[in-house]
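The values are calculated or read from the model by the stated rules, or taken from the named source; none is laboratory data. Since this is a predicted model, take the numbers as computed values, not measurements. Because the Cβ atoms are built from the backbone with ideal geometry, glycine has one as well, and the counts that use them run over all protein chains shown. Heavy atoms of the whole protein, side chains included, go into the accessibility calculation; ligands, DNA and RNA do not. Shrake-Rupley method; radii C 1.70, N 1.55, O 1.52, S 1.80 Å.
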Amino acid sequence: MVDKIQAESINLADTFAFTGTVSGTPSGMTLLATSVVSGTGTTSVQLNNFFNDTLYNAYTIYINNLTPITNGGTFYMRFVDTSESVITASDYVHVTNSAYRNISSDASGNNYNAGEGTFGRLNGDVDSSNDDTYATNYILHLVDPLNTTSHKSIQWQSTGISNSTVSYRTNNGSVWLKQTGALGGIQFYFSSGNIAVPSEFRMYGVKKWKN
């Protein structure tokens, strides 16, 4: 019988090397990339060269506390090809749904936005506030970006308050790219102005499932 290691008997600040099987560790998702906006902001965030078809076939991206430098920014995305060039062809289609509650008048409702062009829109039907009190949070899911037989798509959901700071909303939607080539990454940016502090981007690889 092997005795359990007690927390008070080790210094958790030390570095350890383990042999054998270590249980109780996180599994299923691996942090691949982190980008934290600093200083006066950045024009775009690009996550490249993290797709690995051997280990993962799905990816989840979390965007925390997203704000633009300029109030009323519209949040866009584009895919990046395997040569690290941003795909700017007019092959994107976006469809979004938005439910809202006006926190001043108590009015509620829902809207949708759809379009086609050189980018995918991620805001829903409203624009983003530059007040970090009203920052937006996103979860995005991208499946099998390295396959070369089907068009690419990304699904997302978000919560936040509109740039007028009176309308709380929850959005969901998807962006479709009418191209079959393997992808190398993804780019995020606002329609005008920089991405502001304290925006943070994290990409996780979802462990490849067995057939």
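When +1 charges are put on Lys and Arg Cβ atoms and -1 charges on Asp and Glu Cβ atoms, the dipole computed for the range 111-207 relative to its Cα centre reaches about 340 debye.
Taking one quarter of the surface of the C-alpha convex hull of the chain gives a mean projected area of 16.8 nm². Ranked by solvent-accessible area (1.4 Å probe, protein heavy atoms only, all chains present), the residues Leu31, Leu66 order from largest to smallest as Leu31, Leu66. Solvent-accessible surface of protein heavy atoms, probed at 1.4 angstrom with all chains present, puts Lys207, Lys178, Lys152 in the order Lys207, Lys178, Lys152, largest first. Annotation: for a label point projected 7 angstrom from Cα along Cα→Cβ of Asp132, residues of the range 158-172 with backbone N closer than 17 Å are 161. Ranking of Ser192, Ser162, Ser83, Ser153 by solvent-accessible surface, largest first: Ser83, Ser192, Ser153, Ser162 (1.4 Å probe, protein heavy atoms only, all chains present). Mean-square fluctuations from a GNM of the chain, with a 10 angstrom spring cutoff on Cα atoms, peak among Leu142, Leu183, Leu55 at Leu55.
Surface composition of the range 74-211: carbon plus sulfur atoms contribute 46% of the solvent-accessible area (1.4 Å probe, protein chains only, all chains present). In a fully extended conformation the segment linking Thr180 and His141 would gain 12.3 nm over its present Cα-Cα distance, using 0.36 nm per residue.
If I take R0 = 35 Å and measure r between the Cβ atoms of Asn111 and Ala89 in this structure, what FRET efficiency does the formula 1/(1 + (r/R0)^6) give, to the nearest 0.05? After rounding to 0.05, the efficiency reads 0.80.
Given their separation in residues at 0.36 nm each and the Cα-Cα distance between them, Val166 and Lys207 gain 10.7 nm when the chain is fully extended. When only alpha carbons of the range 69-123 are considered, Rg and Dmax amount to 15.3, 50 Å. About the centre of its Cα atoms, the chain shows a dipole size close to 420 debye [charges on the beta carbon of Lys, Arg (+1) and Asp, Glu (-1) only; nearest 20 debye]. Placing a pseudo-label 7 Å from each Cα along the Cα-to-Cβ vector at Asn48 and Asn71 gives an inter-label distance of 3.6 nm. Rolling a 1.4 Å probe over the protein heavy atoms gives the chain an accessible area of 54 Å² per residue. The reciprocal of the average 1/r between distinct C-alpha atoms defines the Kirkwood hydrodynamic radius, which for the range 18-137 equals 17.8 Å.
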